[in-house]
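Participant: One structure, as structure tokens, below. Some questions next.
The values are calculated or read from the model by the stated rules, or taken from the named source; none is laboratory data. Since this is a predicted model, take the numbers as computed values, not measurements. Please note: Cβ atoms are built from the backbone with ideal geometry, for glycine as well, and neighbour counts cover all protein chains shown. Heads up: the accessible areas ignore ligands, DNA and RNA and are worked out on the full protein's heavy atoms, side chains in. Shrake-Rupley method; radii C 1.70, N 1.55, O 1.52, S 1.80 Å.
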Amino acid sequence: MSSRVTPPSNADSDKIKNSTCKSQRSEEIPEEILEALKKPTFNVWLVQDQEMMTLLEHMFYSLNLVTHFKMEPPSLEQFLHSLQDHYRQNPFHNFRHCFCVTQMMYSMICLCHLQELLSPEDMVTLMVAALCHDVDHPGLNNNYQVNAHTELASRYQNISPLENHHCAITMEILSRAPCNIFHHMDPEEAKKILEGITELILVTDMVHHPQILRSLQDAQNFSFSNKDHLTLLKKGLVKLCDLSNEARPAEVAERWAELLMEEYFQQSDREKDEGLPVTPYMDRDTVTKAESQRSFISFMIIPLCEALCQIFPQMKVAMLQPLMEANLRYERQITEVLNSIL
């Protein structure tokens, strides 16, 4: 697979590596990196594994979550390391995807000034859900789990087997004393946060996408004091961040698209080998990256982003416009292919 991203220079890599050894001391991180981290344009391909850990820690400190919830720094570090260990080396659904989604959530919090609008409980729920939403993903989606009658599908009776598994692994990690970032919270308050995290991870199953989109589109007189409105907003934000790669610069987004296609094609190859129904949008014999991405952007991501723009107009420039540009870019690629055939 060819990459369209230029590898980071040694100087760029060293600047991040040497300056972020203690994320709780943000003065050690260059200001340009801190500012870039707050934006959807942040280039996640310039960050190495340990640097991702450091920057994730910084996000928690920057949002005042460590102080507010009295998180012990070693617990936060162990929690992140355990998550990293539990993400598999899939082409797409790996720890870098986890970092990517969490960084996008952080950028949405900064862009939309959510610290002024949401409670710390809401924000930590969003951040932890973003971190954990695909933990221990096997690289084979729910269609495969159900059709192959896997142990996961059986355990969860064919209902969102992957998302239920992500929730189970998340709770198992957080139940360990060294990883329990909510250790100093009131047990009932911690229970509510864990329930909120579970709810957000479960809605990342794409079967819930149409209902959430309709609810956001139909939301009238949105109010941050309305509990149902807030829950809907959090679901929409998690889903947008999970699907947001194409809102990033083209050289970042297209590399993700290539990796997604690679994971898709691996699944369809396995489905063919095992005599299972082949997931149509994953079949390497019929699917192209440009057509797949254009369709997904047009029918799934742009409508969701437009619905959230009703609540946060500042998303129009930062998210909706890049999505529109990505859609046009893939349309041009499709046209070029067609013209080359004619």
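Participant: So what are the ³J(HN,Hα) numbers for the range 218-234, from phi and the Karplus equation (6.51, -1.76, 1.60; θ = phi - 60°), rounded to whole Hz, Gly and Pro as x?
Facilitator: With the stated coefficients, the range 218-234 comes to 8, 4, 10, 6, 3, 10, 6, 8, 8, 4, 5, 4, 5, 4, 4, 4, 4 Hz.
Participant: How about the range 182-288: which GluC sites (Glu not before Pro) there lie in a loop by DSSP and see at most 15 other Cβ atoms within 10 Å? List each step's numbers first, then the result.
Facilitator: Details: sites: Glu188, Glu189, Glu195, Glu199, Glu246, Glu251, Glu254, Glu258, Glu262, Glu263, Glu271, Glu274; in loops: Glu274.
Here the GluC sites (Glu not before Pro) that fit, given the DSSP loop and packing criteria, are Glu274.
Participant: Taking the Cα centre of the range 134-270 as origin, work out the dipole magnitude from +1 charges on Lys and Arg Cβ and -1 charges on Asp and Glu Cβ, in debye rounded to 20. Display every interim value, and only then the final one.
Facilitator: Values: 12 positive and 21 negative charges, 71 e Å.
In total the dipole reaches around 340 debye.
Participant: Please build a GNM for the chain, connecting alpha carbons under 10 Å apart, and tell me which residue among Met282, Met185, Met104 fluctuates the most.
Facilitator: Highest fluctuation among the options: Met185.
Participant: Just Ala290, Ala318, Ala148 to compare: in a GNM of the chain, with alpha carbon springs under 10 Å, which one fluctuates most?
Facilitator: Ala148
Participant: For the range 89-207, what is the relative contact order in percent, using Cα pairs closer than 8 Å and at least 6 residues apart in sequence?
Facilitator: Details: 100 pairs, mean separation 33.9, N = 119.
Reported relative contact order: 28 percent.
Participant: Just the number, please: carbon plus sulfur as a percent of the accessible area of the chain, 1.4 Å probe, no ligands or DNA/RNA counted.
Facilitator: Values: 7890 of 15580 Å².
C and S atoms contribute 51 percent here.
Participant: Rounded to the nearest 500, what is the chain's calculated 222 nm mean residue ellipticity when only DSSP H runs of at least 4 contribute -39500 (n - 2.57) each, over all residues? Walk me through the numbers on the way to the answer.
Facilitator: On the way: 17 runs with 208 residues, N = 342.
Calculated at 222 nm, the ellipticity per residue is -19000 deg cm²/dmol.
Participant: With a 1.4 Å probe and all protein chains in place, put Val135, Val287 in order of accessible area, largest first. Show your work: numbers first, answer last.
Facilitator: Numbers: Val135 0, Val287 25 Å².
Output order, biggest surface exposure first: Val287, Val135.
Participant: Could you tell me which of rounded, prolate or oblate describes the range 183-342, using a ≥ b ≥ c as the square roots of the eigenvalues of the alpha-carbon gyration tensor, with rounded for a/c under 1.5 and, failing that, prolate when a/b is larger than b/c and oblate otherwise?
Facilitator: Details: a/c = 2.47, a/b = 1.51, b/c = 1.64.
The shape class here is oblate.
Participant: Using heavy-atom solvent-accessible surface (probe 1.4 Å) with all chains present, what is the largest-first order of Lys192, Lys234, Lys227, Lys39? Don't skip to the answer; put the middle values down first.
Facilitator: Details: Lys192 125, Lys234 30, Lys227 160, Lys39 100 Å².
Largest accessible area first, the list is Lys227, Lys192, Lys39, Lys234.
Participant: Say we join alpha carbon atoms closer than 10 Å with springs in a Gaussian network model of the chain; which of Asp242, Asp285, Asp136 then has the biggest fluctuation?
Facilitator: The residue with the greatest mean-square fluctuation here is Asp285.
Participant: Let me ask something else. Measure of size requested: the Rg and Dmax of the chain, with Cα atoms as the atom set and Å as the unit; please supply both.
Facilitator: Both quantities, over Cα of the chain: 19.9, 68 Å.
Participant: For the range 133-276, what relative contact order do you get, as a whole percent, if you take Cα pairs closer than 8 Å and at least 6 residues apart?
Facilitator: Working: 86 pairs, mean separation 30.9, N = 144.
The value is 21 percent.
Participant: Below 8 Å between Cα atoms, with a sequence gap of 6+, how large is the relative contact order for the range 216-288 in percent?
Facilitator: Details: 32 pairs, mean separation 12.0, N = 73.
That works out to 16 percent.
Participant: For a Förster distance of 35 Å, can you work out the FRET efficiency between the beta-carbons of Glu199 and Lys316, rounded to the nearest 0.05? Let's see the in-between values first.
Facilitator: Working: r = 28 Å, r/R0 = 0.79.
Rounded to the nearest 0.05, the efficiency is 0.80.
Participant: Now for a different question. I'd like the Karplus ³J(HN,Hα) series for the range 69-86: coefficients 6.51, -1.76, 1.60, θ = phi - 60°, whole numbers in Hz, and an x wherever there's a Gly or Pro.
Facilitator: 9, 6, 5, 7, x, x, 5, 4, 5, 5, 4, 5, 5, 5, 4, 4, 5, 8
Participant: What residues from the range 277-295 fall in the zone where the backbone N is under 18 Å from a label point 7 Å along the Cα-to-C-beta line of Asn339?
Facilitator: Only 290-291 fall inside the zone, counting backbone N under 18 Å.
Participant: Would you please give the residues with an amide H less than 5 Å from that of Arg88, counting only those at least 5 places away or on a separate chain, with H modeled from the backbone geometry?
Facilitator: It is Asp136, His137, by chain and number.
Participant: From the phi angles alone, apply the Karplus equation (6.51, -1.76, 1.60; θ = phi - 60°) to the range 118-131 and give each ³J(HN,Hα) in whole Hz, x where the residue is Gly or Pro.
Facilitator: Karplus values, whole Hz, x for Gly and Pro: 10, 6, x, 4, 5, 5, 5, 4, 4, 5, 5, 4, 4, 5.
Participant: For the range 108-224, what is the accessible area per residue in Å², given a 1.4 Å probe and the full set of protein chains? Could the numbers behind the result be given before it?
Facilitator: Working: 5170 Å² over 117 residues.
Roughly 44 Å² per residue, with all protein chains present.
Participant: In debye, nearest 20: dipole of the chain around its Cα centre with unit charges on the Cβ of K, R (+) and D, E (-)?
Facilitator: About 400 debye.
Participant: A follow-up question, please. Of Asn164, Ala148, Leu111, which is farthest along the charge dipole of the chain in the positive direction, counting Lys and Arg as +1 and Asp and Glu as -1 at C-beta?
Facilitator: Farthest towards the positive end: Leu111.
Participant: With a sphere of radius 11 Å drawn around the Cβ of Phe69, what net charge do the other residues whose Cβ falls strictly inside it have (Lys, Arg +1; Asp, Glu -1)? Numbers along the way, then the final one.
Facilitator: Values: positive: Lys70; negative: Glu72, Glu121, Asp186, Glu189.
Net charge around Phe69: -3.
Participant: Mind giving me the FRET efficiency for Thr67 and Cys309? R0 is 45 Å, r the Cβ-Cβ distance, nearest 0.05 is fine. Display every interim value, and only then the final one.
Facilitator: Numbers: r = 32 Å, r/R0 = 0.71.
With a Förster radius of 45 Å, E is 0.90.
Participant: What FRET efficiency do you get for Ile159 and Glu28 if R0 is 35 Å and r is their Cβ-Cβ distance, rounded to the nearest 0.05?
Facilitator: Given R0 = 35 Å and the Cβ-Cβ separation, E is 0.15.
Participant: Dipole of the range 203-342, Cα-centred, from +1 at each Lys and Arg C-beta and -1 at each Asp and Glu C-beta, to the nearest 20 debye? Please list the in-between numbers first.
Facilitator: Numbers: 15 positive and 21 negative charges, 137 e Å.
Dipole magnitude for the range 203-342 comes out near 660 debye.
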